Amino acid sequence: MAIVSDAATTSSEEQRRAAGPQVWPPGTQLVGGSANLKGSSLRPFFIYNSLSRSVEEFIALDRDRVTYYSCGPTVYLRQHLGNMRSYIFADTLKRALEFNGYAVRHVMNITDVGHMTSDEDAGEDKVEKTARAEGRSPQEVAHFYRDLFLADLNVLNIEMPEVICAASDHIADMIALIARILERGFAYVAHSGVYFDVEKYRGANRRGRLSRQSLDEQHAGQRLEHAPDKKSPHDFALWVLNQPTHLMQWDSPWGRGYPGWHIECSAMAMKYLGATIDIHSGGIDHVPIHHENEIAQSESATGRPFVRYFVHHAFLVGMEGAKISKSAGKFPVLEDLIRARVNPLAFRLFCLSAKYRSELVFSIDAVRAAERNLYYLYGFAASAPVEEADSPWTQAYRERFQAALNDDLNTPEALAVVLEMVNKAYRDNDRRICGTLKQFDRVLGIRLAEQFEYLKRLKVPADIQALIDERAQARSKKDFGRSDELRMQLQARGWEAKDNRDGTSEYMPRWN
RNA sequence: GGCGGCGUACCCAAGUGGUUAAGGGGGAGGUCUGCAAAACCUCUAUGCAGCGGUUCGAAUCCGCUCGCCGCCUCCA
């Protein structure tokens with residue numbers, strides 16, 4: 001039984017590190033998939049690894065290819081802004097790696113079965129609970145909220161993961177994985193389900209690595225009165241049996257039932273990324289239970305390390321410092337921002353204004369502050385000389401930008417670099433920074449590139465054009481009363497007038 | 001009870017042993033302008049919850065105190 005010990009992991013890690021720089025000396029230009037990223041080269045990228053509780057240099061298992069699994073949504077409710085911070089974080093991590101020349105294979109799950117509530121005695125599947133409440137089938141509920149979720153990703157300009165996989169499409173993979181765990185003796189079959197044998201696994205001394213909590217310290221099982229046929233209250237379900245009221249059931253070698261929540265991530269991560277994946281990310285709340293259990297299951301089945309870098313982000317919190325959570329009932333969603341006439345991409349920028357490991361205090365005003373930055377950048381891009389080559393001085397900003405990202409994803413610092421560069425471009429009246437800005441936007445993801453051609457592509461409606469023409473006439477006759485009146489009319493229709501010093505005027509619609 | 005985190009200006013937020021404590025928002029003043037907007041410039045924390053300690057030197061390390069929060073049970 002080859003459960004790899006911590007010591008073994010460390011030594012192979014050291015070997016890898018020692019070998020790394022020889023394969024990829026700083027400054028090496030990449031070819032192939034990363035060749036389009038001019039100017040970015042594989043440099044040391046540091047990230048906080050929850051497994052070691054320290055910032056480590058990231059070294060991919062396979063040179064410049066990264067396998068990345070991030071926790072996706074349970075599709076029983078609209079994802080709120082706290083959730084969206086999570087996906088923006090995952091997307092930013094991926095983009096930062098790509099900026100460094102890595103090719104990232106990103107897998108995200110969609111949980112549509114097996115994620116239980118714990119309010120009631122028996123517990124209830126979250127998707128089914130919503131289905132009952134809304135009078136729809138679990139599939140309808142899952143699809144409905146999945147589609148809303150995907151739409152939100154699109155609105156926030158989050159890149160689609162290479163694989164998005166639903167748990168219910170991978171029942172067979174989960175059954176196969178459970179069978180392997182059983183074969184290896186780390187699980188047992190009881191009347192109420194197939195359970196992972198934590199006591200047995202503890203002998204291998206792996207569980208508790210993430211949370212640093214011994215099982216005895218946890219008050220595990222204290223409030224879980226069901227499933228009396230578990231050997232130990234710490235044991236968790238791999239497959240649930242004999243729950244006839246459950247709507248979603250599948251046949252298995254152990255009887256009809258449905259999978260436990262944790263097993264899907266192990267099964268799908270390993271199916272699409274292999275037994276050992278480079279990065280696994282998720283919310284900090286998943287450290288003690290969900291990810292701990294994932295590790296236990298996966299490594300029991302394969303005898304190999306499951307995840308090399310576990311990365312956890314902190315919460316978006318409300319103004320009283322309390323977490324914005326589903327169980328609390330009230331939480332803002334993307335539509336609340338749109339209803340408040342805030343550009344959703346401002347929320348993206350807002351998320352980047354804090355480090356992923358820090359709690360971020362949410363307020364509409366704070367997002368509006370980020371929106372000012374968004375439009376500052378848009379305003380610059382809309383009139384920037386795209387066709388000209390960048391000035392040499394931009395190189396220093398590119399270096400600083402990358403250095404910030406590579407320092408444990410310090411996006412606030414990176415953002416500061418971007419703003420300082422644009423400020424310098426304005427101040428020195430040297431606007432040849434578009435190429436660099438476009439590169440930055442590959443990480444920022446605020447659709448900046450689209451703004452460069454904005455004015456040229458702009459179609460002015462005839463009625464707006466009529467107002468513009470009349471205003472030009474009024475201004476030429478120095479009829480400023482009429483001119484201001486027309487400005488107000490244009491404003492009411494969403495168009496802003498901007499008068500230049502030379503007497504010309506520019507008109508563009510408001511962004512939001 | 002156990003584990004973990006936080007407290008930096010009016011607001012958001014970097015910085016975690018060593019030049020003037022990033023950046024943004026907001027505010028004040030100014031340049032430009034018919035006005036407005038945009039942009040630019042100047043100013044806006046002798047101090048980083050409080051009190052001790054270590055150090056040549058601390059927001060940064062240690063101790064205590066106060067306040068806030070998360071997890072241990074579904075949660076990003």
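The values are calculated or read from the model by the stated rules, or taken from the named source; none is laboratory data. Because the structure is predicted, anything quoted here is derived from the model rather than measured. All Cβ positions, even for glycine, are placed from backbone atoms using ideal geometry, and neighbour counts span all protein chains on display.
Residues in the range A:361-377 that are more than 6 Å from RNA strand B (Cβ to nearest atom) and aliphatic (A, V, I, L, M): 5 in all.
Residues that are among the basic types (Lys, Arg), part of a helix (DSSP H, G or I) and away from RNA strand B (no atom under 12 Å from the Cβ) within the range A:452-494 comprise A:LYS456, A:ARG457, listed in sequence order.
For the range A:60-85, taking the residues that are surrounded by fewer than 21 Cβ atoms within 10 Å (Cβ to Cβ) and more than 8 Å from RNA strand B (Cβ to nearest atom), the one that is nearest to the chain's Cα centre (by Cα) is identified as A:ARG78. Of all residue pairs spaced 6 or more apart or on separate chains, those with beta-carbon atoms under 7 Å, a first member in the range A:390-412 that is touching a residue at least 12 places away in the same chain (Cβ under 8 Å) and basic (Lys, Arg) and a second member that is within 12 Å of RNA strand B (Cβ to nearest atom) and not in a loop (DSSP other than H, G, I, E, B) are A:ARG400/A:VAL417. Pairs only if they're at least six apart or on different chains, beta carbon under 7 angstrom, first in the range A:317-340 and more than 18 Å from A:PRO73 (Cα to Cα), second at pLDDT below 85; list them, first residue then second. Every condition considered, the pairs that remain are A:VAL317/A:LYS323; A:VAL317/A:ILE324; A:GLY318/A:ILE324. When every residue of the range A:495-503 is checked against the conditions, none turns out to be in a helix (DSSP H, G or I), within 14 Å of RNA strand B (Cβ to nearest atom), of a type outside the set (Asp, Glu) and surrounded by fewer than 17 Cβ atoms within 10 Å (Cβ to Cβ). Among the candidates A:ARG427, A:ARG432, the residue that is near RNA strand B (Cβ under 8 Å from one of its atoms) and either of a type in the set (D, E, K, R) or modelled with pLDDT of 95 or more (or both) is uniquely A:ARG427. Only a single item in (1) surrounded by 22 or more Cβ atoms within 10 Å (Cβ to Cβ); (2) at pLDDT below 95; (3) under 18 Å from A:LEU352 (Cβ atoms) is not met by A:ILE88, and it is number (2).
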